[in-house]
Amino acid sequence: MPDHRYLPALSVLGVGRSDIPADIAADAPPNRGEAAVASYSASHDADHGHQHHQHRQQHEHGHQRSGEAPPESQSIAQEGFSLVEVSVVMAIILLLAIVAIPTVRAYVIESRVTKVGEEIVRFVLHTRINAAGGSATPYGGISTVNLANMLRDSSAVSIGGTTAMPKVLHGLGSNGEINVSEADAGAAFSVTFSNVNHAACPGIASVLQRVSDTISLTPLSGATTVLKNATTRYSALDTESRCVQGDDNTFVFTAG
């Protein structure tokens, strides 16, 4: 007779009843090895699932006791910016704008000086040539209309108003205008720059002093200073020191 004691061991090793000869399997007692293995496997899986559930509960409970949010809550809380962070960034941007805007404006104004000055030099030379003829009052009746007609296609200045009363803006200060009028009863003419920014000083005077007989400067809240005439030599350093901050300088250039 075969020894049935080894059948459970064979089952544990992966040998089933179908692999055992029929006469031996028929006389063998129930396979207690297979039942034991199945029972152990089910019990192990149940214990492992229970331990995993307990570990997860302890992990979440630990986060709550320490004041920390679970990982899922942390990822949600980290999205976006807080009101304080946004306020700080906006304050920094505002501060930079306050500091940078005047500097950028001064740079733009300074870069326009040469082009505007050259256009006025061209106008002065053109007017002098056309006025030559021996008359005692060659510039009688000259006005801003003459300047506007000549510079209407220029990109250096802006021309508005009407044909009879044009407005020529020089762009060297807020609402700064260029006006032309006769001087010395028509024996000469003057070109006036109003609302000139300090960034254009003394640049505009240095350009126009080449074609001007006299130059004067009048700050908004100050006395008029003669920068050039028959007895006073033009000085860029002196002119710069007399200009005031802001768009508060008025220059008058006279030629004849």
* The one condition in (1) outside any loop (DSSP other than H, G, I, E, B); (2) within 24 Å of residue 234 (Cα to Cα); (3) touching a strand residue (DSSP E or B) at 6+ places or on another chain (Cβ under 8 Å) that residue 114 fails to fulfil -> (3)
* Output the residue which, of all residues in the stretch 182-221 that are of a type in the set (A, V, I, L, M) and in a helix (DSSP H, G or I), is nearest to the chain's Cα centre (by Cα). => 199
* Name the single residue, out of those in the stretch 230-242 being farther than 22 Å from residue 124 by Cβ and surrounded by 13 or more Cβ atoms within 10 Å (Cβ to Cβ), that is farthest from the chain's Cα centre (by Cα). => 238
* Considering residues of the stretch 83-124 that are more than 20 Å from residue 173 (Cβ to Cβ) and in the same structural domain as residue 192 (by TED's automatic domain parsing) only, the residue surrounded by the fewest Cβ atoms within 10 Å (Cβ to Cβ) -> 122
* Would you be able to tell me the number of residues in the stretch 84-141 that are polar (S, T, N, Q) and closer than 17 Å to residue 205 by Cα? => 2
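Table: residues versus (1) at pLDDT 95 or above; (2) not acidic (Asp, Glu).
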position: 115; (1), (2): yes, yes
position: 122; (1), (2): yes, yes
position: 130; (1), (2): no, yes
position: 143; (1), (2): yes, yes
position: 163; (1), (2): no, yes
position: 169; (1), (2): yes, yes
position: 177; (1), (2): yes, no
* Asked: Can you tell me which of 144, 137, 127 is more than 30 Å from residue 221 (Cα to Cα) and buried (at least 17 other Cβ atoms within 10 Å of the Cβ)?
  -> 127
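Which residues, taken from the stretch 79-99, are small (Gly, Ala, Ser) and either in a helix (DSSP H, G or I) or touching an Asp or Glu at 6+ places or on another chain (Cβ under 9 Å) (or both)? So that I can check it myself, show each step before the final result.
Step one: of the stretch 79-99, the residues small (Gly, Ala, Ser) are 80, 82, 87, 91, 97.
Result: 87, 91, 97.
Among 227, 208, which is the only one that is within 18 Å of residue 123 (Cβ to Cβ), crowded, with 19+ Cβ neighbours inside 10 Å and in the same structural domain as residue 173 (by TED's automatic domain parsing)? Full working, then the answer.
Numbers: 227 fails: within 18 Å of residue 123 (Cβ to Cβ).
Of the residues listed, the single one that is within 18 Å of residue 123 (Cβ to Cβ), crowded, with 19+ Cβ neighbours inside 10 Å and in the same structural domain as residue 173 (by TED's automatic domain parsing) is 208.
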* Residue check for residue 121: assigned to a helix (DSSP H, G or I) and in contact with a Lys or Arg (Cβ under 8 Å, 6 or more places away or on another chain) -> yes
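Across the stretch 124-175, what is the total count of residues that are assigned to a helix (DSSP H, G or I) and touching a residue at least 40 places away in the same chain (Cβ under 8 Å)? Explain how you work it out, then say what you get.
The initial filter retains those residues of the stretch 124-175 that are assigned to a helix (DSSP H, G or I), namely 124-131, 144-151.
Still in the running and touching a residue at least 40 places away in the same chain (Cβ under 8 Å): 124-125, 127-128, 147.
Total meeting the criteria: 5.
For the subset of the stretch 188-200 comprising residues that are of a type outside the set (A, V, I, L, M) and in contact with an Asp or Glu (Cβ under 6 Å, 6 or more places away or on another chain), which member is surrounded by the fewest Cβ atoms within 10 Å (Cβ to Cβ)?
Per the stated criteria, the residue is 195.
The values are calculated or read from the model by the stated rules, or taken from the named source; none is laboratory data. Predicted model, so just to flag it, every value in this text is computed and none were measured. No Cβ is skipped: glycine too gets one built from the backbone with ideal geometry, and neighbour counts run over all protein chains shown.
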